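One structure is given below, encoded as structure tokens.
The values are calculated or read from the model by the stated rules, or taken from the named source; none is laboratory data. Computed from a predicted structure; not experimentally measured. In this analysis, Cβ positions are derived from the backbone assuming ideal geometry, glycine residues included, and neighbour counts consider all displayed protein chains. Quick note on the areas: whole protein, heavy atoms, side chains included, nothing else; ligands and nucleic acids left out. Shrake-Rupley method; radii C 1.70, N 1.55, O 1.52, S 1.80 Å.
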Amino acid sequence: MTQSITIRRPDDWHLHLRDGDMLRAVLPHSARDFARAIIMPNLVPPVVTGAQAAAYRERIMAALPEGADFTPLMTLYLTEDTDPDDVARAHAEGLIHAVKLYPAGATTNSASGVSNFDKVAPVLDRMAEIGLPLCTHGEVTDSEIDIFDREAVFIDRVLDPIRRAHPNLRVIMEHITTADAADYVRSADSGLAATITTHHLVINRNHILAGGIRPHYYCLPVAKRETHRLALRVAATSGDARFFLGTDSAPHTDGAKLQPCGCAGCFTAPNTLSILAQVFEDDGALDNLEAFTSLNGPAFYGLPPNETRITMRREAPQHPSSIDTPDGPVTVFDPGFDLHWTS
Ligand code: DOR
Ligand code: ZN
């Protein structure tokens, strides 16, 4: 039985760090295991300009624990007023690595997102020209579309038309939750990839709703039926370079989650690597863990893989079940099975 596994240090290609006290509380958990992360811009107010991204980057660097080796890769939040020149400047400076598309109203702090996709065509044209990727929150927001169908409908109604209109635009479908999305990614030879979260490899919709409602498993896009979870497991563990890790670790205090209308998000930063090693081992794919966590992402983003390595040992990990923040406790995602790998 394999007792240890050494891989290049992982990166997280989709992470919510928040700001202020919450940033200081959660950042050490990501910085411990990950060398770099794509930082989501859905703050209040959102990070929409290069100047705001630079300021946010400074706040993250200031919140890093002494001696931490962690590089935040910044993104801009796409609005209908985004200035293509500002985007191009921030990219040329090496400050931003992607622009994030939130359909207006799709998720946490997405009110400033896009309603009329024609209005962002000039920005997308410029991004295609300069090779700056678009990260998509792939859900339509129309209230008549069932929440479990919103990702598949987004592909047909929004994403495919955008990709046809901007054939050179590089796109990352974020946190995919369906077999439809995995198949759509495979339909393209280049320029299209997807991140997959830790929690979507572990839970299906029954985990959220059967036998009682479990708010800590509620996230967006919401977990789908079991066939979709299994399709994500196949995609993630396959080694296919088009799929890589984006945890979407999204901390909310228990007070904000345990509400009549609770927030969406699973906080997985502390135990993601232990869970992933378990998932890959259970699927007989430990050899492909490094591709998913450490190789495929940098290759798509045009960055070198990390030179440093981490060794994971077969040993029961000691993860907290929740972390304290000045705003209240934040529950750590519970995979619901025993973990045998420590990072
Ligand atoms: O579950 C989620 N939480 N999905 C998102 O898209 C946003 C995130 C958050 O910011 O809390
Ligand atoms: Zn997210």
(request) Express in whole angstrom the spacing between the alpha-carbon centres of segment 304-343 and segment 40-63. (result) 26
(message) For a test of the definition: using alpha carbon positions, the gyration tensor, and the 1.5 limit on a/c, classify the chain as rounded, prolate or oblate.
(response) rounded
(message) Tell me which GluC sites (Glu not before Pro) from segment 121-222 have a DSSP coil assignment and no more than 13 other beta carbons within 10 Å of their own.
(response) E144
(message) With a 1.4 Å probe and all protein chains left in place, how much of the accessible area of the chain comes from carbon and sulfur atoms, in whole percent?
(response) 49
(message) If you count only protein heavy atoms with a 1.4 Å probe, what accessible area per residue comes out for the chain, rounded to a whole Å²?
(response) 40
(request) Only loop residues by DSSP count here, and only those with at most 13 other Cβ atoms within 10 Å; note down the chymotrypsin sites (Phe, Trp or Tyr not before Pro) in segment 297-343 that meet that. (result) F337
(request) Compute the signed sum of charges (Lys and Arg +1, Asp and Glu -1) over the other residues within less than 11 Å, Cβ to Cβ, of A128. (result) +1
(message) I want to verify a result. In a Gaussian network model of the chain, Cα cutoff 10 Å, which of these has the top mean-square fluctuation: R32, R309, R242?
(response) R309
(request) Take the alpha carbon gyration tensor of segment 112-203, find the square roots of its eigenvalues, order them as a ≥ b ≥ c, and report rounded if a/c is under 1.5; if not, report prolate when a/b exceeds b/c, else oblate. (result) oblate
(message) Suppose a student asked you for the relative contact order of the chain, using Cα pairs under 8 Å spaced at least 6 residues apart; what percent would you report?
(response) 19
(message) I need the shape label for segment 247-343. Rule: rounded when a/c is under 1.5, else prolate if a/b > b/c, else oblate, with a, b, c from the alpha carbon gyration tensor.
(response) prolate
(message) Run through segment 26-111 and list the GluC sites (Glu not before Pro) located in a DSSP loop whose Cβ has at most 15 other Cβ atoms within 10 Å.
(response) E66, E80, E93
(message) I'd like the distance separating the alpha-carbon centroids of segment 153-193 and segment 246-290, in whole Å.
(response) 23
(request) Per DSSP H run of n ≥ 4, the term is -39500 (n - 2.57); total these for the chain, divide by its residue number, and report the mean residue ellipticity at 222 nm rounded to 500 deg cm²/dmol. (result) -8500 deg cm²/dmol
(request) Read phi for every residue in segment 130-141 and hand back ³J(HN,Hα) as whole Hz from Karplus 6.51 cos²θ - 1.76 cosθ + 1.60, θ = phi - 60°, with x for Gly and Pro. (result) 9, x, 8, x, 9, 9, 10, 8, x, 9, 6, 10
(message) Using a Gaussian network model on the chain with a 10 Å cutoff between Cα atoms, which of I60, I323, I145 fluctuates the most?
(response) I145
(request) Would you grab the residues whose amide H sits under 5 Å from the one on S322? Only those 5+ places off in sequence or on another chain, please, with H modelled 1.01 Å from N. (result) V332
(message) Rounded to whole Å, give me the distance from the Cα center of segment 75-89 to that of segment 15-36.
(response) 25
